[in-house]
Amino acid sequence: MIRQLQSSGQLTGLSEADLLDKIQTESRKALVGGIAKGMLLMPLMALLLACILWVVSWLFDRPAPFEQLLSAAVLALLPIALYHLIFTLCVAAQHTVTLSRVANLVPSNLGAVLQGLSPKMQRVASSVDFFNLWSTALLGLGFSAATGMRRGRAVLLAVALYAMYAGVFLIGLPGQAGGQ
């Protein structure tokens with residue numbers, strides 16, 4: 001926040017009270033955004049994932065009731081919820097938190113373990129995440145239970161779906177945006 005104000009030249013004209021007010025406003029925006037994400041975005045993600053599973057079951061000619069696919073999607077998102085719970089507990093235990101500290105607070109991906117990688121390889125290594133792979137395995141097992149597909153084939157299908165998701169949203173789009 002302070003760096004942004006310094007780079008824009010607004011820091012020199014601010015009083016200390018105004019600066020504290022801006023910092024408090026930003027922290028409140030982050031808190032409200034996090035709550036909104038948990039209350040609105042995650043249920044929509046579960047619904048979207050169930051819709052994707054429904055399309056995949058239709059493509060593979062393995063019809064399944066939508067309720068079972070929704071249950072598989074919701075259960076597959078539980079490891080992600082566990083990650084966020086662990087992350088929240090770790091952040092609450094910190095005295096001060098910086099952006100660089102947040103990135104390595106819960107090291108659950110290969111990008112946190114492997115050092116000295118290029119930015120491209122860092123994005124690829126970061127997509128190999130324990131909680132995401134656990135979620136992918138649960139998604140495959142749930143899809144197998146809902147459609148009657150063999151477990152190995154369903155897990156392999158879920159891994160392929162995750163690889164496509166990671167390739168687009170975790171590697172490709174951030175790479176085009178120039179960020180890590």
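Candidates in segment 26-36 are the residues that are of a type outside the set (A, V, I, L, M, F, W, C) and open to solvent by 100 Å² or more (accessible area, probe 1.4 Å); of these, the one that is nearest to the chain's Cα centre (by Cα) is Lys29.
Specify which of the listed residues (Leu89, Leu69, Leu85) is assigned to a helix (DSSP H, G or I), modelled with pLDDT of 90 or more and either under 20 Å from the mean Cα position of the chain (by Cα) or more than 30 Å from Ser27 (Cβ to Cβ) (or both). Don't jump to the end; show me each part of the working.
On the way: Leu89 fails: modelled with pLDDT of 90 or more; Leu85 fails: modelled with pLDDT of 90 or more.
After applying the criteria, what remains is Leu69.
Among the candidates Ala50, Ala36, Ala30, the residue that is closer than 20 Å to Tyr165 by Cα, free of Cβ contacts under 8 Å to residues at least 40 places away in the same chain and outside any loop (DSSP other than H, G, I, E, B) is uniquely Ala50. Based on what the data block shows, is Val168 among the aliphatic types (A, V, I, L, M), open to solvent by 30 Å² or more (accessible area, probe 1.4 Å), out of contact with any helix residue (DSSP H, G or I) (no Cβ under 6 Å at 6 or more places or on another chain) and in a helix (DSSP H, G or I)? Yes.
For segment 53-66, residues that are open to solvent by 60 Å² or more (accessible area, probe 1.4 Å) and part of a helix (DSSP H, G or I) total 5. Selection over segment 93-104 of residues that are at pLDDT below 85 and either crowded, with 16+ Cβ neighbours inside 10 Å or in a loop (DSSP other than H, G, I, E, B) (or both) gives a count of 6.
Checked against the criteria, Ala46 counts as open to solvent by less than 60 Å² (accessible area, probe 1.4 Å), modelled with pLDDT of 90 or more and not acidic (Asp, Glu).
Just the residues that are free of Cβ contacts under 8 Å to residues at least 40 places away in the same chain and open to solvent by 60 Å² or more (accessible area, probe 1.4 Å), please, taken from segment 107-127. Pro107, Leu110, Val113, Leu114, Gln115, Gly116, Leu117, Met121, listed by residue number. Within segment 54-70, residues that are closer than 18 Å to Thr136 by Cα sit with their Cβ atoms under 6 Å from residues that are open to solvent by less than 60 Å² (accessible area, probe 1.4 Å) and in a loop (DSSP other than H, G, I, E, B), at 6+ positions apart or across chains, in these pairs: Ser57/Ala64. When Leu157, Leu133, Leu161, Leu141 are screened for being assigned to a helix (DSSP H, G or I), modelled with pLDDT of 95 or more, open to solvent by 20 Å² or more (accessible area, probe 1.4 Å) and under 15 Å from Tyr83 (Cβ atoms), only Leu133 passes.
The values are calculated or read from the model by the stated rules, or taken from the named source; none is laboratory data. This structure is a prediction, so every number in the text was calculated from the model and none was measured. Note that we place each Cβ from the backbone using ideal geometry, even for glycine, and neighbour counts take in every protein chain shown. These area figures cover heavy atoms from the full protein model, side chains too; ligands, DNA and RNA do not enter into them. Shrake-Rupley method; radii C 1.70, N 1.55, O 1.52, S 1.80 Å.
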